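Shown next, in C-alpha cells, is the structure this report addresses.
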Amino acid sequence: MPDHFQPDDDTDPTISSLRHTLTTESTPLAHRFRALFSLKHLASTHPPTAQTAPAIRAIAAAFASPSALLKHELAYCLGQSKNVAAVPYLEAVLRDVDEDAMCRHEAAEALGAIGDVGCVGLLRAFRDRVGEEVVVRETCEIAVERIEWEVGRGGKEEEEEIKTSDFVSIDPAPPLAQTASVDVPALERTLLDTKLPLFQRYRAMFALRDLSSPPDLPTAVPAVHALARGLSDPSALFRHEIAFVFGQLSHPASIPSLIETLSDLKEESMVRHEAAEALGSLGEEDGVEEVLRRFLDDPEQVVRESVVVALDMAEFEKSGALEYSTIPSVASVQQAA
C-alpha cells in the first residue's frame, strides 16, 4: 500500500506550493480545490513531464484529510489523469472499507477511467463483496464494464461511430453511438429503463449530455429535460451522475431540477452535493447564488462544504477568468489546448 503520509520530497517549487495548500487543513476549502485542479492539470499531461509523477503524489498525499468531499475530488482527479501511477493510491482507498462510501465509489470510478486491466480483479471482488455499500458495488460494476468495453473496442475491426464530445472528461461510460434511429426520446427510454444494465443507461446519459451541447442545439432543452427525469431514479449513484452531468453542461434549463434536488433534505448527501456544485457552475444565472447561500448551514457536512466550493465557482464564473485554478500559466495552457 502506498504511504499517503509520505513527506513532501518534491523539489519543484510549484508542486511543493500547491501540495502545501492542498494538504493544509487550515487553508480554506475553496483554495484547496483550486490547488487541486492545478495539480490535476500537471498530473494529466501526456506525454508525462518531470512534474507529472510529483503532481500525482501531491494529490494522493491529501487522502489523509478528514474531508470526504475533498478526498472524493482527489480520487476523481487521479482518475482523470489516466496515469497508471495513480492506481496504487486509488486501490488503497477502495480497499479501505472504513473509508466514506462516496470516496470509495469515486476511487472505483477513477480506476475505470484509467482503464488498467490489472484492476479488473479487484473491481470484481468489491462488486461481488457480500454486504458492500450499494454505491460502491454499482460503481465497480460500471468500472469493470468500461474497462472491458475499452479493451474489446480496441480489438474490433469496426469501431462504434461515437460523436465527438464537447467535453474532455474521461466519463464512467462512453456515449451511445449516434445513429439515425437514436434520438432524444429513444435515449430517454434507455436512460430510464431500470431493467437495463447501469453501464448501458450511463451510455444513454452521456449521449443525452452531448445532445445538450452547445446549449443552442435544437436537441439541447429536450435532452436536459430527459436527463432531469433521471433524478427520480432509485439508484443514488445514478442520480448523482445526472447532477454531475448538469454541472458539466451548465445549462439554465437544469436549474429548477438542481434546486429541487439540493432542497430535498431526504435526498442522499452525495446527490445533493453534486447538485450544489452543478449550481455553482451556473453561478452567473440570476438567483443561483442566493439559493446556494441558503444551504451554508446544512446539516450534512459534505453539502455545506460543497456549497462553499460552489459559491467560489460561482464567483469564478462571474469573473470571466479562463480556468478555475491557482496558476495563471496553467489556465493559458488549458485554454490554448
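The values are calculated or read from the model by the stated rules, or taken from the named source; none is laboratory data. Given the structure is predicted, the values throughout are model-derived calculations rather than measurements. No Cβ is skipped: glycine too gets one built from the backbone with ideal geometry, and neighbour counts run over all protein chains shown.
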Open item on the list: Can you pull out every residue in the range 31-56 that is touching a residue at least 60 places away in the same chain (Cβ under 8 Å) and crowded, with 18+ Cβ neighbours inside 10 Å?
Closed with: Phe33, Arg34, Ala35, Phe37, Ser38, His41, Leu42
Task: Wholly enclosed helices (runs of 4 or more DSSP H) of the range 120-218 bearing at least 3 residues surrounded by 14 or more Cβ atoms within 10 Å (Cβ to Cβ), β-branched (Val, Ile, Thr) and out of contact with any strand residue (DSSP E or B) (no Cβ under 6 Å at 6 or more places or on another chain) - done: 134-154
- [ ] Being β-branched (Val, Ile, Thr) and within 16 Å of Leu227 (Cβ to Cβ) is the filter; apply it to the range 163-188 and report the residue that is nearest to the chain's Cα centre (by Cα).
- [x] Val184
Open item on the list: Scan the range 57-71 and tell me whether some residue there is surrounded by 24 or more Cβ atoms within 10 Å (Cβ to Cβ) and under 12 Å from the mean Cα position of the chain (by Cα).
Closed with: yes
TODO: Answer yes if at least one residue in the range 219-228 is part of a helix (DSSP H, G or I), at pLDDT 95 or above, within 16 Å of the chain's Cα centre (by Cα) and surrounded by 24 or more Cβ atoms within 10 Å (Cβ to Cβ), and no otherwise.
DONE: no
Task: Number of the exception - Leu237 against (1) farther than 22 Å from Asp166 by Cβ; (2) surrounded by fewer than 23 Cβ atoms within 10 Å (Cβ to Cβ); (3) touching a residue at least 40 places away in the same chain (Cβ under 8 Å) - done: (2)
Open item on the list: List the residue pairs whose Cβ atoms are under 8 Å apart, where the first residue sits in the range 167-179 and is of a type in the set (D, E, K, R), the second is modelled with pLDDT of 95 or more, and the two are 6 or more positions apart or on different chains.
Closed with: Asp171/Ala113; Asp171/Tyr202; Asp171/Phe206
TODO: State the number of residues belonging to the range 176-202 that are modelled with pLDDT of 95 or more and either closer than 20 Å to Ser235 by Cα or not aliphatic (A, V, I, L, M) (or both).
DONE: 17
